[in-house]
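Right, one structure below, let's go through it.
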Amino acid sequence: MENLDLLKRYGLFDAKVPRYTSYPPANHFQNGIGGQNQHHWLATVPEGSDVSIYIHIPFCKRLCWFCACRTQGTKTLNPVEAYISTLINEIETVRKGLPDTIRMARLHLGGGTPTILTPDLMAQLLGAVFDEFHPSNDFEFSVEIDPTDAAPKLLQTLADFGLNRASIGVQDFEPVVQKAIGREQSFAQTKEVADWLRDAGVPSLNFDLLYGLPHQTEDTFNDTINHVLALRPDRLAIYGYAHVPWMSKRQVMIKEHDLPNTIERLAFSKQVKTACLAAGYQAVGIDHFALPNDSLAFANARGTLRRNFQGYTDDTSSTLIGLGASAISRFHQGYIQNAVATSAYQERINGSGLAGNRGFALAQQDYLVGDMIESLMCNFQLNLTYLFETYPDQQTQIETFIAGLLERFPDVLVRQDNMIKLMPKAYALIRIIAHDIDAFNSNLKASHSAAI
Ligand SMILES: C[S@@+](CC[C@H](N)C(=O)[O-])C[C@H]1O[C@@H](n2cnc3c(N)ncnc32)[C@H](O)[C@@H]1O
Ligand code: SF4
């Protein structure tokens, strides 16, 4: 009870805060940054460096009501075929704009539902990627998979191209919950895909679950967790459901009075943590779990964990190239997001081969704040020695931030030598603490999702 009071006092019950998968969050991107900078930022990626590639496939056969991803439904393959040909055009143009000597450290296909592609379309897309980008020595290839739309021939194509990690969408197995979120998917179907992937030699599986969904109870969620743990994934991402119907219109199908309240959400997040730790997983950041021999657990232990648009990663590349409608690229100089609507994206690619539109050019202080927020989100702490050494020109600014944090969060942040640490009992506050140093921080109730 004491903990609940503490969390309440620091705003956990009212705050709506960014997930901090980037700094600044994408709602602060500005028009025109892509058009002005994309050529130059691509050309100045350091020679010989590793880049990560993200490819967005926005199409789905079904449109689940809970989903806040950038997706569009399709019943036919026609728009998908046209999209893949546009993507191949973009891949070739972007590659020409980059230095010859870069290497591809990661390739991630996300969506939407990448497995909506036919084997032939997937082979065309991956053929184009591997023709243009040479993999680095520790290259990893991952794909988001909807088990209800994952034909064995398509999975075989992914395996043939060296798929290292499949990220399988589950959310919840309870039929009442599935009905309320417009997504039906049996355990048997999910297990079949997981078994198939393992038999095909895909070395690592991740499952996505959600807590905070309508009609979820401790018992039903326990059942879902146990079913998922029985499949022994290497990683789990267990997100709090973000109910943002003003951004994702289809969420109006979900009745707000059926949603668990903040106390229940907090209980679900504790429940899942207890179950995962008991099953031998390690907690990674705010919402991921990994087996001790998984590279995410190693990165967590070494303090090299990073945060990106997919959540947590052990990828250390400083350049992310986003391809496809709405995909975001990260360069040293800032962020560039491709045109969001598929038609606008295709028009731009057909015109100039590049689709960068909104974005953000980072200023000196943004690097410092972004680094501090990433460190809080990954490690629940700040290393002052590192900050002073990395940002020697901003010592006063760092001291002001730290003094402010210690003053505003006196019961939960402690200073130990050169470290500022969040007490484990208050880990649920991390997004609120990050928000405290966010220079774009505005109304805590505006446009973002619940803090837990
Ligand atoms: C692109 S989606 C899923 C991939 C695949 N199409 C599927 O359905 O399995 C990636 C993940 O985003 C998460 N996600 C989507 N909408 C969300 C929301 N409103 N709140 C939190 N997480 C969400 C889900 O866990 C989902 O598995
Ligand atoms: S959860 Fe997956 S299948 Fe459902 S709408 Fe979102 S991206 Fe499409």
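The values are calculated or read from the model by the stated rules, or taken from the named source; none is laboratory data. Because the structure is a prediction, the values reported are computed rather than measured. With ideal geometry, Cβ positions are generated from the backbone for all residues, glycine too; neighbour counts draw on all protein chains shown. Heavy atoms of the whole protein, side chains included, go into the accessibility calculation; ligands, DNA and RNA do not. Shrake-Rupley method; radii C 1.70, N 1.55, O 1.52, S 1.80 Å.
Per residue of the chain, the DSSP helices (runs of n ≥ 4 H) give a summed -39500 (n - 2.57) that works out to -12000 deg cm²/dmol at 222 nm. The slack in the chain from residue 76 to residue 341, taken as 0.36 nm per residue of separation less the alpha-carbon distance, amounts to 93.6 nm.
Only Lys, Arg, Asp and Glu carry charge here, each on its Cβ (+1 for the first two, -1 for the last two); on that basis the stretch 56-118 has a dipole of about 220 debye about its Cα centre.
Note on the chain: percent of Cα-Cα distances in each 20 Å bin, starting at 0 and stopping at the bin with the largest distance, equals 24, 60, 16, 0. For the pair residue 257 and residue 219, a Förster radius of 22 Å applied to the C-beta separation gives a FRET efficiency near 0.65, rounded to the nearest 0.05. Beyond 23 Å in Cα-Cα separation lie the following of the pairs 75/255; 75/179; 273/425; 273/421; 191/249; 179/270: 75/255; 191/249; 179/270.
Select from the stretch 222-271 those chymotrypsin sites (Phe, Trp or Tyr not before Pro) which occupy a DSSP coil region and have at most 14 other Cβ atoms within 10 Å, ordered by residue number.
Details: sites: 239, 241, 246, 268; in loops: 241, 246.
Loop-located and lightly packed - 246.
For the chain, the solvent-accessible area works out to 42 Å² per residue, with a probe of 1.4 Å and every protein chain left in place.
Restricting attention to the chain, close to 45% of DSSP beta bridges with both partner residues there are antiparallel. Dipole of the stretch 30-170 computed with +1 at Lys/Arg Cβ and -1 at Asp/Glu Cβ about the Cα centre; of 48, 88, 67, farthest Cα towards the positive end is 67. Treating only the Cβ atoms of Lys and Arg (+1) and Asp and Glu (-1) as charged, compute the dipole magnitude of the chain about its Cα centre; round to the nearest 20 debye. That gives a dipole near 800 debye.
Ranked by the mean number of other Cβ atoms within 10 Å of their residues, highest first, the peptides 45-56, 5-16 come out as 45-56, 5-16.
Packing here is the average count of other Cβ atoms within 10 Å per residue, and on that basis the peptides 214-221, 202-209, 419-426, highest first, run 202-209, 214-221, 419-426. By accessible area, using a 1.4 Å probe on protein heavy atoms only, the chain has 51% of its surface on carbon and sulfur.
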